[in-house]
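Asker: Dumping the structure here so I can ask a few things about it.
The values are calculated or read from the model by the stated rules, or taken from the named source; none is laboratory data. Computed from a prediction, not measured in an experiment: that's the story for all the values here. Cβ placement follows ideal geometry from the backbone for every residue including glycine, while neighbour counts extend to all protein chains displayed.
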Amino acid sequence: MIEKEILAKLTDNAPLNSKESLYLLNECSIHVLGEMADHMNRRKNAGKVYFNVNRHINLTNICTSQCAFCAFSREKEDEDAYVMSADEAVKNVQSSIPLGISEVHVVSGLHPDLPFEYYVEVLEKIRQAAPGIHIQGFTAVEILYFSKISGHSVLKVLGILKDAGLGSLPGGGAEIFSARVREELCPKKADAAAWMDVMRKAHSIGLKSNATMLFGHIETPVEIVDHLISLRELQEETGGFQSFIPLPFHPKNTRMEHIHRISGYGTLRILAVSRIILNNFQHIKAFWIMMGLRLAQLSLHYGVDDLDGTVVEEKITHSAGAVTPQGISTGELVRLIKDMGKLPVERDTLYNEITVYN
Ligand code: V47
């Protein structure tokens, strides 16, 4: 009965309520979920699967946040703590230009003493050295931190960064919005309302962003559904989210090593449910670095229409035990997508099509 009601809503592109969403997450068969998610995805994106050629840069691993799920962060005194100079960041970008990158993705720890001006300098120097490359940088949590260390309002911080070359915001730092989970996993981190407020302000000045959800740890199905519905409501208000990226938790080398990694089955269910609940998001992205290539490939039939990416270097998940390669060539990605009967499309950050691989 409830499945019938859900199907009727999906046909009308009407938003599902919490009860219907929980039914999908907890009870609905994976086959039905896959069918619904794939149907919705095909309606939104036809058979296209997008990818972009990008490079991730993590300016520093020194972080005051000390989140329990993070294996990347270090204290200043640690032997393997590092900070890149602005010039080193530029060199990293330049070394990837021959690989055809159209985007650089900059996310870092909350460093205790780097001034806000350092981040502005990084942007300006990257823009100067590589003017054609879109800079997607700084999670909402970093933006709040910049506001704190600079004394500027969030809106002013965003304006300064935009003027210095920032093109859009990544979706990190959202974790799970539940206050209960944040209290346990990341008590020092900005709360859900603050994360949303940064996104609202970024969207209001024309900066698009992504959104994420870290799952497969201590969250409950209700908390997953609440997270997704909160994002859908904010998207209804601003329309500024481009894609949603569910991130499966990697426990290795974290303070939560006792948790078993979520199964491929569980991951596919969450991807499919995300596609179905987020009916006003155009794109659902699989970060194959965290999911593994094979599962990411399979996810293309469970609502995913975007694969990130031909990354050259990734530190956050690899610190937490990911065994996926650090990067993948465009050729490999194209083959992987075609093998699933889908049409590979290289895109830029704002989803303009660069090459369609017919
Ligand atoms: O916020 C940290 C997650 C995020 C672990 O916007 C972990 O296009 C799994 O947000 N296991 C940062 N996940 C990365 C991120 C991202 C990645 C790719 C694309 C985009 C985008 C954004 O990584 C953090 C946190 O949720 N994370 N540690 C871990 N052990």
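Asker: In the stretch 230-247, what count of residues is obtained for those that are within 15 Å of the ligand (Cβ to nearest atom) and touching a Leu at 6+ places or on another chain (Cβ under 8 Å)?
Answerer: Number of matching residues: 8.
For every residue, the table says whether it meets (1) in contact with a Pro (Cβ under 7 Å, 6 or more places away or on another chain); (2) free of Cβ contacts under 8 Å to residues at least 60 places away in the same chain; (3) closer than 30 Å to Ala130 by Cα.
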| residue | (1), (2), (3) |
| --- | --- |
| Ser153 | no, yes, yes |
| Leu166 | no, yes, yes |
| Leu185 | no, no, no |
| Ala194 | no, yes, no |
| His203 | no, yes, yes |
| Met213 | yes, no, no |
| His227 | no, yes, no |
| Glu233 | no, yes, no |
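Asker: While we're here: Only one residue in Gly159, Gly109, Gly132 is at pLDDT 95 or above and in contact with a Ser or Thr (Cβ under 8 Å, 6 or more places away or on another chain). Which one?
Answerer: It is Gly109.
Asker: Among the residues of the stretch 80-107, which ones are in contact with an Asp or Glu (Cβ under 7 Å, 6 or more places away or on another chain) and more than 16 Å from the ligand (Cβ to nearest atom)?
Answerer: Ala81, Ala86
Asker: How about the stretch 27-55: which of its residues are free of Cβ contacts under 8 Å to residues at least 24 places away in the same chain and of a type in the set (Ser, Thr, Tyr)?
Answerer: Once the filter is applied, which keeps residues that are free of Cβ contacts under 8 Å to residues at least 24 places away in the same chain and of a type in the set (Ser, Thr, Tyr), the stretch 27-55 yields only Ser29.
Asker: Now a separate question. Within the stretch 210-219, is even one residue away from the ligand (no atom under 14 Å from the Cβ) and buried (at least 17 other Cβ atoms within 10 Å of the Cβ)?
Answerer: no
Asker: If you scan the stretch 134-144, which residues turn out to be free of Cβ contacts under 8 Å to residues at least 40 places away in the same chain and not in a helix (DSSP H, G or I)?
Answerer: Ile135, Gly137, Phe138, Thr139
Asker: Looking at the stretch 145-161, can you tell me whether even one residue there is within 16 Å of the ligand (Cβ to nearest atom), under 22 Å from the mean Cα position of the chain (by Cα), part of a loop (DSSP other than H, G, I, E, B) and not basic (Lys, Arg)?
Answerer: Taking every residue of the stretch 145-161 in turn, none turns out to be within 16 Å of the ligand (Cβ to nearest atom), under 22 Å from the mean Cα position of the chain (by Cα), part of a loop (DSSP other than H, G, I, E, B) and not basic (Lys, Arg).
Asker: When residues of the stretch 190-229 are filtered for being modelled with pLDDT of 95 or more and in a loop (DSSP other than H, G, I, E, B), how many remain?
Answerer: Residues in the stretch 190-229 being modelled with pLDDT of 95 or more and in a loop (DSSP other than H, G, I, E, B): 9 in total.
Asker: Mind listing whichever residues of the stretch 327-352 are in contact (Cβ under 8 Å) with a residue 12 or more places away in the chain and in a loop (DSSP other than H, G, I, E, B)? Lay out the reasoning, then the answer.
Answerer: Start the filter on the stretch 327-352 by keeping residues that are in contact (Cβ under 8 Å) with a residue 12 or more places away in the chain, which leaves 327-330, 333-334, 336-351.
Listed by number, the residues that qualify are Gly327, Ile328, Ser329, Asp339, Met340, Gly341, Lys342, Asp348, Thr349, Leu350, Tyr351.
Asker: Something else about it: Would you pick out the residues in the stretch 278-295 that are within 12 Å of the ligand (Cβ to nearest atom) and in a helix (DSSP H, G or I)?
Answerer: Trp288, Ile289, Met290, Met291
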